[in-house]
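The values are calculated or read from the model by the stated rules, or taken from the named source; none is laboratory data. This one's a predicted model, so the numbers in the text were calculated from it and none came from an experiment. Because the Cβ atoms are built from the backbone with ideal geometry, glycine has one as well, and the counts that use them run over all protein chains shown. Side chains included, ligands, DNA and RNA excluded: accessible areas come from the protein's heavy atoms. Shrake-Rupley method; radii C 1.70, N 1.55, O 1.52, S 1.80 Å.
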Amino acid sequence: MRTLVLVAALLAAGCTHVAPYERGYLARPAMALEESQGMAHAMEKIYPSKEAASGGAAVGGGGCGCN
Amino acid sequence: MAATEKPDGALGALMRAALALPILALAPRAGAAVVGEVGASVLGYKERGLMKATEPILFGHAVIDDVWEVEASAVGDILTGASPQLVTNVNGQPMQVLTGASVYERRHAGDAKVGRRFGELTLSASAAVSNEHDYHSKAGGLEARRDFNDKNTTLTLGYGRANDHVGSSIDPNLDAPRTTDQYLAGVTQVLSPVALVQSSLAYANGRGWYNDPYKFTLTFYPDQPLPSLLPDLRPDHRRSWAWLTRYRRHFAAQRGTLQADYRYFQDDWGVRAHTLEVAWDQQLDERWSLRPALRYYTQSAADFYSPVIPRPAPRFQSSDQRLAAFGGLSPSLRATLRLDSVIVEGAVGYVHDASSLRLGGSGTSAFETLRAVYGILSVTYPF
Amino acid sequence: MRAIAFMALFAAGGAWALDAGAPLPALAAPSLDNPARQVSLASMRGDVVYVDFWASWCGPCRQSMPLLDGFQKRFGARGLRVIGVNKDVSAADAQRFLRSVPVGFTLVQDAGDALARAFDVKAMPSGYLADRHGVVRYVHRGFNAQSEAALEREITALLEEKP
């Protein structure tokens, strides 16, 4: 846990801290890291069925930070 | 060879779950705060001379009471068209031969994910099933997501396991299992009020049946009267790494957003691949936005890939050109219309895979150029 | 090394938090509809004041805003003043949200973040309930079904307190 906190702190040290009320731009749909559900499921079929590479996607973070 | 599939018990339950999501819209009157969306989309995909696929998709997700997250989707694939099955050098150079048999395949798949937030920590569990008459897959996953520093930093850890069963319509005795464990670690970092980056590493360890039951290689040798015929023979394990980095940067004055994704892939079959996709999302007015994008892909061949059977015949051999060295360029354009009660998205794309597009130029000469177009239409109702 | 980590987090997170017992910041902000008109929090001494920070991009605000509108209508005559502080970068985004979620209580803008910093807003939405003496008594960070019931209890309690 301590290492995680340290990693988070080091990352934060190099960046501008964005307050919870300054997330207007980050909440825009174009700023999302994942595609919209409809597009994402369709795109999953097109490339991986023709290529050897796959995987790598993580979820979470960015966005409006609400709740 | 055609087979119609009835959704099995687990899949039926998932489809019912996906369709039940609109019922959550009634919950606000019952006191719980529900925010989310449901929608449907359809994908059409056509390869020059070969496959044609249509795919209807239903999906939805909701956040209940700021604490529960629910997500589900159901997919039905319909594939038609000839599928290459034989790579032969009967005419001198290796080439893919279509057997001429018309394929009609249906595939049903569904997935669901449920998560609960405990302060800054969110724990989720997911399940997915996919069924066609010669392939069945079940997968489950767990994910932990922790926000730090006013949600400027997010760490994600995930684990998943998939159990597949491979069958064959030309070999009814085939029912081969395959199990894959996947591990994921990712970091998302807000860089500024207009920029963020995410980087994640996924490791997959699979064991079981990897051979493609429909792929064969028929090789003629100048000094041998009879050709050699081999089925697809792959190792019984595969370990792979994928490192994905995504960057988003909004330009307020231009009302546009830059999106860039890069993935490096490497496995113990000898495949190394790079994927780079760059897109620009341009806000045109309050409702419309346009997103042109360009995706470039390059991969090296698997160690045991060969369009002709080497002599002496090796232990592993595959002429499946998905394991060849090639590159691909795919431009696409997406338009989005956002109204208060509905969001409509339409996208068109072109896929061009060729050996000449491989980074460095030295792709497999036997690789048959792929040209495909696709179109996606998606309608989403937020609530 | 650990000390540096703690200092980085500490500095990033803010050295203090506006919680129960603190005085309501006596600031003024321009009205959302008419930026020339200033709305002053100090002038509301004597009323029970709920200052709510919201934005069009805040999902839970779809639930909290109509709720607060209901409270303003029900308790306005008894002395409740709900002030919605909008944190959108453009007023047009706020107006689009208000078209689908119309409210009748006072709305102000906070373009320079003066109010957000003074109230040390840590989540969206955030609500600060102050009594008739201008002392913050309850803080709501985020919004869910429990917030609704708790807020109603707190508002009625403060309205009944003797001035």
query = Quick check: is even one residue across segment C:78-100 open to solvent by less than 30 Å² (accessible area, probe 1.4 Å), away from chain A (no Cβ under 14 Å), under 18 Å from residue C:132 (Cα atoms) and more than 14 Å from the chain's Cα centre (by Cα)?
reply = yes
inquiry  = Filter segment B:210-256 down to the residues that are under 30 Å from residue B:290 (Cα atoms) and hydrophobic (A, V, I, L, M, F, W, C) and list them by number.
reply    = B:242, B:243, B:244, B:251, B:252, B:253
ask   = Mind checking whether some residue in segment B:177-188 is of a type in the set (Asp, Glu), open to solvent by 40 Å² or more (accessible area, probe 1.4 Å) and either under 22 Å from the mean Cα position of the chain (by Cα) or more than 10 Å from chain A (Cβ to nearest Cβ) (or both)?
value = no
query = Restricting segment A:48-59 to residues that are open to solvent by less than 20 Å² (accessible area, probe 1.4 Å) and either touching a Gly at 6+ places or on another chain (Cβ under 7 Å) or not hydrophobic (A, V, I, L, M, F, W, C) (or both), which is modelled with the lowest pLDDT?
reply = A:58
ask   = Scanning for something within 8 Å of chain A (Cβ to nearest Cβ), within 26 Å of residue B:372 (Cα to Cα), at pLDDT below 90 and open to solvent by less than 40 Å² (accessible area, probe 1.4 Å), does segment B:66-73 turn up at least one residue?
value = no
task = Scan segment C:16-72 residue by residue and report those that are modelled with pLDDT of 90 or more, loosely packed, with under 13 Cβ neighbours inside 10 Å and either of a type in the set (Phe, Trp, Tyr) or in contact with a helix residue (DSSP H, G or I) (Cβ under 9 Å, 6 or more places away or on another chain) (or both).
result = none
request  = Within segment B:263-294, work out how many residues are open to solvent by 20 Å² or more (accessible area, probe 1.4 Å) and hydroxyl-bearing (Ser, Thr, Tyr).
outcome  = 1
ask   = Pick from B:118, B:148: which is within 14 Å of chain A (Cβ to nearest Cβ) and out of contact with any strand residue (DSSP E or B) (no Cβ under 9 Å at 6 or more places or on another chain)?
value = B:118
Count of residues meeting criterion [facing another protein chain (nearest Cβ under 8 Å) and farther than 13 Å from residue B:281 by Cα] in segment B:239-267 = 8
ask   = How many residues are within 27 Å of residue B:93 (Cβ to Cβ) and facing chain A (nearest Cβ under 9 Å) when one looks only at segment B:327-383?
value = 6
inquiry  = With charged (D, E, K, R), more than 13 Å from chain A (Cβ to nearest Cβ) and touching a Pro at 6+ places or on another chain (Cβ under 9 Å) as the only criterion, which of B:236, B:232 stands out?
reply    = B:232
request  = Would you check which residues across segment C:134-148 are part of a strand (DSSP E or B) and either more than 14 Å from chain B (Cβ to nearest Cβ) or buried (at least 19 other Cβ atoms within 10 Å of the Cβ) (or both) and list them?
outcome  = C:135, C:136, C:137, C:138, C:139, C:140
key: Failed item, numbered, when residue B:321 is tested on (1) farther than 18 Å from residue B:235 by Cβ; (2) under 25 Å from the mean Cα position of the chain (by Cα); (3) more than 10 Å from chain A (Cβ to nearest Cβ)   = (3)
task = Taking the options B:350, B:297, name whichever one is open to solvent by less than 20 Å² (accessible area, probe 1.4 Å), under 25 Å from residue B:261 (Cβ atoms) and assigned to a strand (DSSP E or B).
result = B:297
query = Taking residue C:131, is it under 15 Å from the mean Cα position of the chain (by Cα) and either more than 14 Å from chain A (Cβ to nearest Cβ) or within 23 Å of residue B:383 (Cβ to Cβ) (or both)?
reply = yes
remark   = Pairs returned, first residue in segment C:151-162 that is open to solvent by 40 Å² or more (accessible area, probe 1.4 Å), second residue that is not β-branched (Val, Ile, Thr), beta-carbon separation under 8 angstrom, 6 or more apart or interchain, are C:152/C:71; C:161/C:131; C:161/C:132
key: Those residues of segment B:283-299 which are out of contact with any Pro (no Cβ under 6 Å at 6 or more places or on another chain) and more than 9 Å from every other protein chain (Cβ to nearest Cβ), in sequence order   = B:284, B:285, B:287, B:288, B:290, B:292, B:293, B:296, B:298
Single condition residue B:209 does not satisfy, out of (1) touching a strand residue (DSSP E or B) at 6+ places or on another chain (Cβ under 9 Å); (2) under 19 Å from residue B:97 (Cα atoms) = (2)
